[in-house]
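One structure is given here, and the rest of the page talks about it.
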């Protein structure tokens, strides 16, 4: 049965499925890192908002701390772009 | 440029009777930032003391409070009043007392009247609520009480009772619930009460008053209407007064707040029995004119001394000094933290780099034009403060967005009639999409280059800052540490270039091999890397663990491409759904349904692009901001400078001398 399927696969089909897997991989890379960054930013962000409400002067620092985990999603994105192109 | 305005440390001393004219002059010049005098609280201290306010301070402040309370009553902010013409201060001083008391007493009267009416309305509404259940029963209120041998029960109940004693019962059924009034001989009252309670009787007291409830209700409603009418009239009168007097009040407020500020200035000065000492800061280019002005008003009987600045000890106030196009950007710095007096003020760099980043992300002629129009429109309504700076920044951004749109050849996701002048970002979306597709590797390399240069600039600034601000051996170490970071970054780059040939990057893989299969460039890179780490470690060993951030910070600039591409993708998808899927198929054979579908398509197009404009503005703005704050500022910027607040009024809007 397996051999029969393999025999029917043409080169185009293989190429197409490879492309599809690449796209899947890229999507997973961005998606999972996005979730990761979001979860990390969730706690920092809420604390930062609270702190800024108490003292407006630390807005810059608060923003800086909040965006630190964004690096994760940027890495995911770089991986995705490298996969796709 | 790249530095805050240079300041001079000034001491003004004179005898106390010169103080008032000097304060007047300082206020007029509006350049002297007063350094507050703090009295030493030691026992037996016999030195300088804090001064007393000038005469008239308390009177002026009480008038000011009066005016601000009227401002509150009128519900306006003087800042928002548009002045028609300026009033001479002298004229204002002559009229203020009489006019203010007239306005004040009238406003007070109106307010008392208004609150009286409002209380009356509340009372009446309460009465109406109490009366309402009785309205359904045709008995005057006086009939409910005053009996000796009859007991009366009034209240809410679940159903009509079945009483087996002589009684007279009125039962009414309404939406709000059933109401009952029962009259029974006094001797049966307990028994009746019990049987009523069994069917959920809740007593309601009979309201005071005489006459039929319905008639009373009508009367009360009439009274409420009358009171409300009166309130409306008062409101109208207040509105008319506001229109008439607001400019006068705003002018008074302006004059009085200046008076109060002047009168209270001695509280910030140091005093002896007969003399005073004012310490403060003046921009270098204003010193001579201020000295001249003070000498003129005092006839030279006063000393203005310039003292050298002690950067280690003095808190020098910071005033930005930037060309006009960079001024709106100062807000971005202030939100983060005002630069210190001694450090580099990066406003100018940010004001150029920020819009370029924004343009790189949202490079689209269509979106640029929309944002430009929006900022022009909003600018008409927002004319002061941070809002104005924000809108002016948005205008600059949108111009860059249009510029990059022309380079990218993009208009709302469509292609303009020419090929992209720099790298293409057009994706192949839709059925008949053809073409090259986005030039991702080139775009990525471009963003990395931008990152490398931006970070290098940040580190160079860091070296300058440390050279300027630090002392002794730490100074050398800190400067070298910043140089070390540069060495590590460029060392890594050299190592990469010696191995791989990348588009738009120097190809150094053919350099002569020196040792262990590594070529010259790789060896130089490795040496730079090690040397850099040594330099960093000499300043602070813990910093060495941060070395990988060099890679993450540089790669972080990839967002310039990524966020931009996502915006292009959304635009193209919107176009494809609206035009390719919904509108185009209908054009082939027109029908009524087809026309409706086409309208839906147009709606999708408009809504999609509105959403994408908002996303582009937020994404482009925030991502560029983050690159400034996180990747750029962390390399050199500390901030924490205090604001330069000159003693005086920024701009007089309502009054003149």
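Scanning region B:417-426 turns up no residue that is within 14 Å of chain A (Cβ to nearest Cβ), over 21 Å from residue B:536 (Cα atoms) and part of a helix (DSSP H, G or I).
Residue count for region B:358-398 under the criterion of being buried (at least 23 other Cβ atoms within 10 Å of the Cβ), over 23 Å from the mean Cα position of the chain (by Cα) and in a helix (DSSP H, G or I): the result is 5. What is the residue count in region B:523-548 for residues that are within 14 Å of chain A (Cβ to nearest Cβ) and either in contact (Cβ under 8 Å) with a residue 40 or more places away in the chain or buried (at least 16 other Cβ atoms within 10 Å of the Cβ) (or both)? Qualifying residue count, region B:523-548: 0. Restricting attention to region B:617-657, the residues that are within 11 Å of chain A (Cβ to nearest Cβ), crowded, with 21+ Cβ neighbours inside 10 Å and assigned to a loop (DSSP other than H, G, I, E, B) add up to 1. Of all the residues in region B:133-144, those that are over 14 Å from residue B:210 (Cα atoms) and surrounded by fewer than 17 Cβ atoms within 10 Å (Cβ to Cβ) number 1. Looking across region B:549-573, the residues that are more than 14 Å from chain A (Cβ to nearest Cβ) and more than 32 Å from the chain's Cα centre (by Cα) come down to B:572, B:573.
Just one residue in the set A:73, A:78 is assigned to a helix (DSSP H, G or I), out of contact with any strand residue (DSSP E or B) (no Cβ under 8 Å at 6 or more places or on another chain) and either more than 25 Å from residue B:445 (Cα to Cα) or free of Cβ contacts under 8 Å to residues at least 24 places away in the same chain (or both); that residue is A:78. Scanning region B:302-313 turns up no residue that is under 23 Å from residue B:467 (Cβ atoms) and part of a strand (DSSP E or B). Taking region B:313-337, which residues are at pLDDT 90 or above and in contact with a strand residue (DSSP E or B) (Cβ under 9 Å, 6 or more places away or on another chain)? Result: B:316, B:317, B:318, B:319, B:321. Within the set B:571, B:562, B:578, B:614, the sole residue that is modelled with pLDDT under 90 and either part of a helix (DSSP H, G or I) or in the same structural domain as residue B:366 (by TED's automatic domain parsing) (or both) turns out to be B:562.
On inspection, residue B:587 does not qualify as within 11 Å of chain A (Cβ to nearest Cβ) and more than 28 Å from residue B:391 (Cα to Cα).
Of the residues making up region B:133-157, just one is touching a helix residue (DSSP H, G or I) at 6+ places or on another chain (Cβ under 7 Å) and farther than 23 Å from residue B:189 by Cβ, namely B:135. Selection of region A:30-56 for residues being over 20 Å from residue B:627 (Cβ atoms), surrounded by 14 or more Cβ atoms within 10 Å (Cβ to Cβ) and either in contact with a strand residue (DSSP E or B) (Cβ under 8 Å, 6 or more places away or on another chain) or within 12 Å of another protein chain (Cβ to nearest Cβ) (or both) yields only A:52. Taking the numbered list (1) more than 14 Å from chain A (Cβ to nearest Cβ); (2) touching a helix residue (DSSP H, G or I) at 6+ places or on another chain (Cβ under 9 Å) in turn, residue B:337 passes all entries but (1). Answer yes or no as to whether residue B:468 is in contact with a helix residue (DSSP H, G or I) (Cβ under 7 Å, 6 or more places away or on another chain), surrounded by fewer than 17 Cβ atoms within 10 Å (Cβ to Cβ), modelled with pLDDT of 85 or more and outside any loop (DSSP other than H, G, I, E, B). No, not satisfied. Within region B:208-229, restricting attention to residues that are under 51 Å from the mean Cα position of the chain (by Cα) and without any contact (Cβ under 8 Å) to a residue 24 or more places away in the chain, the residue that is farthest from residue B:110 (Cα to Cα) is B:222.
Here residue B:161 meets each of (1) exposed (fewer than 14 other Cβ atoms within 10 Å of the Cβ); (2) touching a helix residue (DSSP H, G or I) at 6+ places or on another chain (Cβ under 7 Å); (3) at pLDDT below 85; (4) farther than 20 Å from residue B:218 by Cβ with one exception, condition (1).
Scan region B:574-581 and give yes if some residue there is touching a strand residue (DSSP E or B) at 6+ places or on another chain (Cβ under 9 Å) and more than 14 Å from chain A (Cβ to nearest Cβ), otherwise no. Yes, region B:574-581 has at least one match. Scan region A:10-23 and give yes if some residue there is surrounded by 13 or more Cβ atoms within 10 Å (Cβ to Cβ), in a helix (DSSP H, G or I) and at pLDDT below 85, otherwise no. The answer is no, given that none of the residues of region A:10-23 is surrounded by 13 or more Cβ atoms within 10 Å (Cβ to Cβ), in a helix (DSSP H, G or I) and at pLDDT below 85.
Tell me the residue from B:451, B:462, B:437 that is within 14 Å of chain A (Cβ to nearest Cβ) and under 37 Å from the mean Cα position of the chain (by Cα), please. Answer to the selection: B:451. The selection criterion, being in a helix (DSSP H, G or I), facing chain B (nearest Cβ under 9 Å) and closer than 22 Å to residue B:640 by Cα, holds for residue A:59.
Scanning region B:181-199 for residues that are farther than 16 Å from residue B:171 by Cβ and in contact with a strand residue (DSSP E or B) (Cβ under 6 Å, 6 or more places away or on another chain) gives B:186, B:189.
If you check B:78, B:37, B:32 for being modelled with pLDDT of 90 or more and surrounded by 15 or more Cβ atoms within 10 Å (Cβ to Cβ), only one passes: B:32.
The values are calculated or read from the model by the stated rules, or taken from the named source; none is laboratory data. All values derive from a computational prediction rather than experimental measurement. Quick reminder, even Gly has a Cβ in these numbers, built from the backbone with ideal geometry, and neighbours come from all protein chains shown.
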